[in-house]
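One structure is given below, encoded as structure tokens.
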Amino acid sequence: MKKIFFLSIITLLTLFECKPKETINKKPKLVVGIVIDQMRYDYLTRYADRYGKDGFNRILNNGFSLENAHYNYIPTYTAVGHASIFTGTTPSNHGIISNNWYDKLLKKSIYCVDDNNYKTVGNKGVYGQKSPSRLYTTTIADQLHLSQNMQGKTIGISIKDRSAILPVGHTANAAYWYDGDDYNTFVSSTFYMKNLPKWVKDFNENNKADEYLNQPWETLYDIKTYTQSRSDNNIFEGKIRGQESPTFPKDIKNLREKNGNFSLIKTIPAGNTFTADFAKATIIGENLGKSEYTDLLTVSFSSTDYIGHRYGVAAIETEDTYLRLDKDLAGFFQFLDTQVGKDNYTLFLTADHAAVHAPSYLQSLKIPAHYLDIKKFRAFILETTKKYYNSTELIENVSNYQIFLDKDKIESLGLNLNNVAQKLADEVMNFNGVYKAVTARTLQTTTFTDGIMNSLQNGYNQKFSGDVFMVPYPATLISGRKGTSHGSGYSYDTHVPIIFYGNGIKKGRSSNKYEIIDIAPTISNLLQIEAPNGTSGKVIEEALKK
Ligand code: ZN
Ligand code: ZN
């Protein structure tokens, strides 16, 4: 009797001793990287009282939130953001210098993930001719695969092609993005597979998009309660084509025809719900989080960006979109609990860039804000080369606030490239709207350690970038007096949420300054794998249980 009692005590003690050790050492079975396209940090605080307890607030209160996390390069665009989050480095290393840019070698403008070597999988269209071939470094997903001898699954999904492809990188099992118009299909590329898996075909045939598009977009709550936003009808917001005014309710069903039929779902909150539906279908269809290996899923919610572009920062539409997204997230987290298990997953949530308040709106409040006329700017540059070098053929391309010079032409005229570039950098300062200008040579020979010039340098890729770089005034956009955009190195574009949650993550928050490139090394450290091969970020120690 005594012996049995003694043994039971030992067993109990062993149990108690082993349990905490197990939870600390156990790797997550699934890592989920969530990117909310164009989400400003202050959308967490601005609408805080309106969020439920199971969405944003659940991971804020039980995870680790970085309150002062920023992008550290220019330009803050979607492709660049997604690449930087998952590679842990900046365009200077990973090579994705914008969404579209002028390819110096091909001598034409290209789109970040276009690749004619591959075909669409899922329909007869061309929207699947994509690959991550312009991304020059590895992602967390690639490193996870290498560390597990290519076991475990890594999958990227989004409505946008670039937001599905770039996060998972080169060795992904799959990436899926949404082809709207009359297709209404999540597609992929032959880069990944020959045929869609049955569960994707089933999802496509299920035709959930149609169901969503047949409902009007009305505010989730009484419109009078949207006190964080401007009045519904104002001059700073765009309209869905066919609408008389930018107001609620929006008769989505009857607006489909004029707005690319199924493509309209991308630009309404239902696009996020639809993305969450597909994320859940992916986890079930691929059995993610169920094997002995760690799987990785990236989910990018893109409708927030289309909506932000159309209506801007202070719109009821934007507030309503985030309140609805909060519910979609609550449902997704709940799904992860039951499907994968509460302690079995780690997730992080961030954004690919933020956004500025519409300059026209800021101007109405007497805050300095500007529109730069790109046509006049191009003409000004040509006038300058004509004036100093008697030629209008020295410029190959002007895009993304960069000038690409024609090196052959400059040489044939007996001119010196660096001198021409410096002359242009000096002269463009006379164009109203240009606030700073610098040459590529200066970026190659000077180290800027902080501020806007450091961001410019991190965005500069010696192989792919232009010869002269400009920075506009704060709160400047090139076009669009309605809605808004992004792309600068100013804090309204760089300040985004980073929230870690789940297995291996501490509870807490920090106002220390972090950079977006710190996410990948932190997740790599948590998984005890090598960080992506171009990583220049650091491990966010205070967020991790050790
Ligand atoms: Zn974006
Ligand atoms: Zn955008």
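The values are calculated or read from the model by the stated rules, or taken from the named source; none is laboratory data. What you see is a predicted model, and the numbers here were worked out from it, not measured in a lab. No Cβ is skipped: glycine too gets one built from the backbone with ideal geometry, and neighbour counts run over all protein chains shown. Calculation scope for accessible area: heavy atoms of the full protein, side chains included, ligands and nucleic acids excluded. Shrake-Rupley method; radii C 1.70, N 1.55, O 1.52, S 1.80 Å.
Here Ser245 and Asn149 are evaluated by their C-beta separation; at R0 = 41 Å the FRET efficiency comes out at 0.10. In the complete set of protein chains, residue-level accessible area for Asp467 is approximately 10 Å², probe 1.4 angstrom. Sorted on the mean count of surrounding Cβ atoms within 10 Å across their residues, most packed first, peptides 282-292, 91-101 read 91-101, 282-292.
Maximal additional length on extending the Leu544-Thr445 stretch stands at 31.9 nm, based on 0.36 nm per residue less the C-alpha distance. Pairs from the table (Lys160/Lys266; Lys201/Lys280; Lys387/Lys409; Lys506/Lys538; Lys239/Lys327; Lys208/Lys280) lying more than 19 angstrom apart at Cα are Lys239/Lys327. Here the extension length gained between Ser399 and Leu413 equals 2.6 nm, from 0.36 nm per residue of separation less the Cα-Cα distance. Is the range 370-473 best put as rounded, prolate or oblate by its Cα gyration tensor, with a ≥ b ≥ c the root eigenvalues, rounded for a/c under 1.5, and otherwise prolate when a/b is larger than b/c, oblate when not? Verdict is oblate for the range 370-473.
The charge dipole of the chain, taken about the Cα centre with unit charges on the Cβ atoms of Lys, Arg (+1) and Asp, Glu (-1), comes to about 640 debye, rounded to the nearest 20.
Semi-axes of the equivalent ellipsoid of the chain are 41, 29, 24 Å, computed as sqrt(5λ) over the eigenvalues of the C-alpha gyration tensor in descending order.
Ranked by the mean number of other Cβ atoms within 10 Å of their residues, highest first, the peptides 264-271, 422-429, 26-33 fall in the order 264-271, 26-33, 422-429. FRET efficiency for the pair Leu106 and Ile374, taken as 1/(1 + (r/R0)^6) with r the Cβ-Cβ distance and R0 = 22 Å, rounds to 0.45. Here the chain carries DSSP beta bridges of which approximately 50% are antiparallel, counting only pairs with both residues inside.
Backbone amide hydrogens, once placed in the peptide plane, bring Gln129 within less than 5 Å of Thr120, excluding anything fewer than 5 places away on its chain.
Our helix-only sum for the chain, with -39,500 (n - 2.57) per DSSP H run of n ≥ 4 divided by its residues, gives a mean residue ellipticity at 222 nm of -10500 deg cm²/dmol.
Across the range 477-489, coupling constants 3J(HN,Hα) worked out from phi with the 6.51/-1.76/1.60 Karplus curve, θ = phi - 60°, read 10, 7, 9, x, 7, 10, x, 7, 7, 7, x, 7, x Hz, and Gly and Pro carry x.
Going down the table (Lys224/Lys482; Lys107/Lys198; Lys513/Lys545; Lys423/Lys513), which pairs top 31 Å between alpha carbons? The pairs that break the limit, which is 31 Å between Cα atoms, are Lys107/Lys198; Lys423/Lys513.
Amide H contacts under 5 Å for Gly534: Thr138, restricted to partners 5 or more places along the chain or on a different chain, H placed in the peptide plane at 1.01 Å from N. Ordering 78-89, 522-533, 144-155, 164-175 by mean Cβ neighbour count within 10 Å, with the highest value first, yields 78-89, 164-175, 522-533, 144-155. Take the Cβ atoms of His170 and Lys124, set R0 to 25 Å, and the FRET efficiency comes out at 0.40. The stretch between Lys224 and Asp42 holds 63.4 nm of extra length on full extension. This uses 0.36 nm per residue minus the Cα-Cα distance. Rg and Dmax over the alpha-carbon atoms of the range 53-145 stand at 16.9, 52 Å. The trypsin sites (Lys or Arg not before Pro) of the range 435-498 that meet both conditions, a loop assignment by DSSP and at most 15 other Cβ atoms within 10 Å of the site Cβ, are Lys463, Arg481.
Note that the range 405-415 has calculated 3J(HN,Hα) couplings of 8, 8, 5, 5, 4, 4, 5, 5, 8, x, 9 Hz, one per residue in order, obtained from phi through the Karplus relation 6.51 cos²θ - 1.76 cosθ + 1.60 (θ = phi - 60°); glycine and proline are x. Database remark: amide H of Asp103 closer than 5 angstrom to the amide H of Lys108, Ser109, Ile110 (H placed geometrically; neighbours at sequence offset of 5 or more, or on other chains; Pro and chain starts carry no H). Placing pseudo-labels 7 Å out from each Cα toward the beta carbon at Asn287 and Asn390 gives an inter-label distance of 7.6 nm. In order along the range 51-65, the phi-based Karplus estimate (6.51 cos²θ - 1.76 cosθ + 1.60, θ = phi - 60°) of 3J(HN,Hα) comes to 7, x, 8, 9, x, 3, 5, 4, 7, 5, 7, 10, x, 10, 10 Hz; Gly and Pro are listed as x. For the range 109-157, a/c is not less than 1.5, where a ≥ b ≥ c are the root eigenvalues of the C-alpha gyration tensor, and a/b does not top b/c. That puts it in the oblate class. From the square roots a ≥ b ≥ c of the eigenvalues of the alpha-carbon gyration tensor of the range 348-415, which class results: rounded (a/c under 1.5), prolate (a/b over b/c), or oblate? Oblate is the answer for the range 348-415, as a/c is 1.5 or above yet b/c matches or exceeds a/b.
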